[in-house]
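Colleague: First the structure, which I've put down as structure tokens, then a few questions once you've had a look.
The values are calculated or read from the model by the stated rules, or taken from the named source; none is laboratory data. Bear in mind the structure is a predicted one, so any value in this text is a computation, not a measurement. Cβ atoms come from the backbone with ideal geometry, glycine included; neighbour counts cover every protein chain shown.
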Ligand SMILES: [Zn+2]
């Protein structure tokens, strides 16, 4: 870590705190205020209404190749969509924006749907080998609020599940207020801790409030909708071969370098059910396939490295050795899906739409690495140990703004 970098970090931290403590002391010249607004602008990302319109257009222009369905509704009644393209027997489920302040994945999915619905020979080849199911913007209430949590109160959960009347609200229930959000007046849940590897689980009061190393409960309509699509695919195809979840993170460096991370990836969300640490998941030992998750990650990584020396090759591993069974990735990995996490740099509330073109492109290229690897079958011959050669992320030091 260079001294220069450290100084920059300290300055920006101080700047941020002075804004927090006393906005009046933040020397808000017009110019400065303008720059700030620009930095946090998000209008280049699409709203739920625009998503609805865009999906309709894609459905129509693809002449039947892309089929769009409403598969559920958010707690505030917004449509949750599933777009299916291809007729191959390998199934790839792609999901975006389960955190509403993590928006590049939705744009990348729309681009991919448009391309795969076209008449190009590449698209035809992919469609014949795989079935791609995209669920863009699965937490639209959070999207509209540009925040992580959905828009739902604990009393609404109890209305849906009266057996929880005596239970404490789950640990992932947000009621705080900070400079970005007011969950106090408008509470919500981290939907990506509401999954359970038991896809038929029904909420029980003794399983609350619980904590991050235990499964979730499917108390939110958004997680229920994703679960229902997953179960439907398992019924129709026997298994969901691949599940990719598209997120954003803070701003970090590639370990041991001065390069800013563009994207972190991972295939590790729960301890291997065959290991001592993973013994609590032993009932999933036969379905879990950690090696395949590693192969898929390497396929994404290699596709990006092929772009040569550019931001596209600043790809790192997300922190490893996690135990997060309440995430969609953790739950679905236990059910046998090869699982891949994408974490694009910069949360939208603090990073805005900076570098949006480049960051959407990195997601698109990484996803094609996986899709092409499944289509050609090459992914199955990747040495999973290559996963461990992907650089780590230096998370001790973010580069702020
Ligand atoms: Zn996220």
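Colleague: For residue 336, which of the numbered conditions (1) away from the ligand (no atom under 16 Å from the Cβ); (2) touching a strand residue (DSSP E or B) at 6+ places or on another chain (Cβ under 7 Å); (3) within 21 Å of residue 92 (Cβ to Cβ) fails to hold?
Modeller: Only one criterion in (1) away from the ligand (no atom under 16 Å from the Cβ); (2) touching a strand residue (DSSP E or B) at 6+ places or on another chain (Cβ under 7 Å); (3) within 21 Å of residue 92 (Cβ to Cβ) is unmet by residue 336, namely (2).
Colleague: Looking at (1) closer than 30 Å to residue 178 by Cα; (2) crowded, with 19+ Cβ neighbours inside 10 Å; (3) out of contact with any strand residue (DSSP E or B) (no Cβ under 6 Å at 6 or more places or on another chain), which one does residue 328 not meet, given that it meets all the others?
Modeller: (3)
Colleague: When you go through 358, 305 one by one, which is the residue that is without any contact (Cβ under 8 Å) to a residue 40 or more places away in the chain, surrounded by fewer than 19 Cβ atoms within 10 Å (Cβ to Cβ) and in contact with a helix residue (DSSP H, G or I) (Cβ under 8 Å, 6 or more places away or on another chain)?
Modeller: On the way: 358 fails: without any contact (Cβ under 8 Å) to a residue 40 or more places away in the chain.
One residue alone meets the criteria, 305.
Colleague: Taking the range 97-149 as the search range and keeping residues that are within 16 Å of the ligand (Cβ to nearest atom), part of a loop (DSSP other than H, G, I, E, B) and within 18 Å of residue 83 (Cβ to Cβ), which one is modelled with the lowest pLDDT?
Modeller: Taking the candidates together, the pick is 103.
Colleague: While we're looking at this one, here's another question. For the range 343-353, give me the residue count where each residue is within 14 Å of the ligand (Cβ to nearest atom) and touching a helix residue (DSSP H, G or I) at 6+ places or on another chain (Cβ under 6 Å).
Modeller: Of the residues in that region, 1 qualify.
Colleague: Moving on. So for the range 335-347 (the condition being assigned to a helix (DSSP H, G or I) and surrounded by fewer than 20 Cβ atoms within 10 Å (Cβ to Cβ)), does at least one residue qualify?
Modeller: Within the range 335-347, not a single residue is assigned to a helix (DSSP H, G or I) and surrounded by fewer than 20 Cβ atoms within 10 Å (Cβ to Cβ).
Colleague: Determine which single condition residue 146 fails, assuming it passes every other condition in (1) in contact (Cβ under 8 Å) with a residue 12 or more places away in the chain; (2) under 23 Å from the mean Cα position of the chain (by Cα); (3) within 30 Å of residue 336 (Cβ to Cβ).
Modeller: Answer for residue 146: the failing condition is (3).
Colleague: Oh, and also: Conditions: (1) crowded, with 17+ Cβ neighbours inside 10 Å; (2) within 16 Å of the ligand (Cβ to nearest atom); (3) in a loop (DSSP other than H, G, I, E, B). Residue 210 meets all but one. Number of the miss?
Modeller: If we test residue 210 against (1) crowded, with 17+ Cβ neighbours inside 10 Å; (2) within 16 Å of the ligand (Cβ to nearest atom); (3) in a loop (DSSP other than H, G, I, E, B), just (2) comes out false.
Colleague: Looking only at the range 235-256, filter to residues that are touching a residue at least 60 places away in the same chain (Cβ under 8 Å) and part of a loop (DSSP other than H, G, I, E, B); which one of those is nearest to the ligand (Cβ to nearest atom)?
Modeller: Selected residue: 250.
Colleague: Further question on the same structure: Run residue 232 past the list (1) touching a helix residue (DSSP H, G or I) at 6+ places or on another chain (Cβ under 6 Å); (2) assigned to a helix (DSSP H, G or I); (3) away from the ligand (no atom under 16 Å from the Cβ) and report the number of the one that doesn't hold.
Modeller: Residue 232 satisfies all of (1) touching a helix residue (DSSP H, G or I) at 6+ places or on another chain (Cβ under 6 Å); (2) assigned to a helix (DSSP H, G or I); (3) away from the ligand (no atom under 16 Å from the Cβ) except (1).
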